[in-house]
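Have a look at the structure below before the remarks.
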Amino acid sequence: MSLYGLARPLLFSLDPELAHKVTLGIATFLPQAVIPPRPVRAMGLEFPNPVGLAAGLDKDAVHIDALARLGFGFIEVGTVTPRPQPGNPRPRLFRLAQKEALINRFGFNNSGVYAFVEAIERSRWRGVLGVNIGKNADTPAERAAEDYVLCLNQVYAVASYVTINVSSPNTAGLRALQEKDSLDHLLGRLTSARENLATKHGKRVPLVLKISPDLGREELSVIAESVRRHRLDGVIATNTSVSRDGVKGLRHAEEAGGLSGRPIRNRANTVLKLLKELLPETTLIGAGGILSGGDATEKFAAGAHLVQLYTGLIFRGPGLVGECVSAYRAK
């Protein structure tokens, strides 16, 4: 049994959010994982392997060096907002262990973009770093683009790529930004700002859109057209789900928030396959329900160029990273 396998019963005896913090603390003392390279080029970036950490685990970018020791090919931090905010009241993280799933309603709790950038600048790791940006909970929908542009301006110099999060179910009204007119307005503002920043900084930072798994073909077609129109570099499929398919009747299943883990795997894969059809030239990042190398293989087969882990790490531990890297076969 792995070291994490021995520690998991103790961690699972703790409150989930406390266990989350303890695990991040422990990561600092783990040895550097030795993972054979599986280089991938995507979005103009060189990834040492295609397996990344999804946003949400390190919201304030204070654990980058520790998490890099797990062998990820890239790390995504955030979601960050312009101003600090506490997020939703606790409890806000729930385990559905029998289904290898989590429900969270954190609500973009973070220390704000200025402290966030300072934390990145203090880190020593120089790998591919994604930064996930969002809006403050009290920012009205008509001013949402201002929050995203402010964040983009602040993180541009320290980010390898920037993810536009319009799909978290835990900020009221956020998912409405996936609708046609709102999304076009937001992406237009961000791509215009990116052009100015590229000139200022002498580098073009890729922009990636993170979308919901709770979308049908018609909604995805609208999003795909917007991605093409504004020449975004990538799409992450997917965020957490508001559906409770596969977990109904279980303890905590009716808690508000986004469901992640094994129960959303098929839903996320369906979205990924549709995006591959709709956006054949766009980099796709598969996330949602990866708990084994076989799950990662499914993502790659469905069209993912890269994959991201979060909930799978909670249930499987850091050995999952190497297992998913081994599952990759260059196309």
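Out of everything in the stretch 65-86 that is surrounded by 21 or more Cβ atoms within 10 Å (Cβ to Cβ) and aliphatic (A, V, I, L, M), what residue ends up being farthest from Leu30 (Cα to Cα)?
Val80
Can you list the strands (runs of 3 or more DSSP E) found entirely within the stretch 1-81 that contain at least 1 residues being within 18 Å of the chain's Cα centre (by Cα) and under 22 Å from Phe116 (Cα atoms)?
Output list reads 51-53, 74-80.
Between Leu250, Leu279, Leu272, which is touching a helix residue (DSSP H, G or I) at 6+ places or on another chain (Cβ under 7 Å) and over 19 Å from Leu215 (Cβ atoms)?
Leu250 is the lone residue from the list that is touching a helix residue (DSSP H, G or I) at 6+ places or on another chain (Cβ under 7 Å) and over 19 Å from Leu215 (Cβ atoms).
β-branched (Val, Ile, Thr), surrounded by fewer than 20 Cβ atoms within 10 Å (Cβ to Cβ) and within 18 Å of the chain's Cα centre (by Cα): does that describe Val128?
When the stated conditions are applied, Val128 does not pass them.
Any residue in the stretch 290-309 that is on the phi > 0 side of the Ramachandran plot and modelled with pLDDT under 95?
no
Go through Val155, Val166, Val162, Val208 for me and flag whichever is crowded, with 19+ Cβ neighbours inside 10 Å and out of contact with any helix residue (DSSP H, G or I) (no Cβ under 8 Å at 6 or more places or on another chain).
Val208
Restricting to strands (runs of 3 or more DSSP E) lying wholly in the stretch 240-331: which have 2 or more residues that are of a type outside the set (A, V, I, L, M, F, W, C) and buried (at least 17 other Cβ atoms within 10 Å of the Cβ)?
258-261, 283-287
The values are calculated or read from the model by the stated rules, or taken from the named source; none is laboratory data. Predicted, not measured: the structure shown is a model, and the values here were computed from it. Don't worry about glycine lacking a Cβ; one is built from the backbone with ideal geometry, like all the others, and counts go over all protein chains shown.
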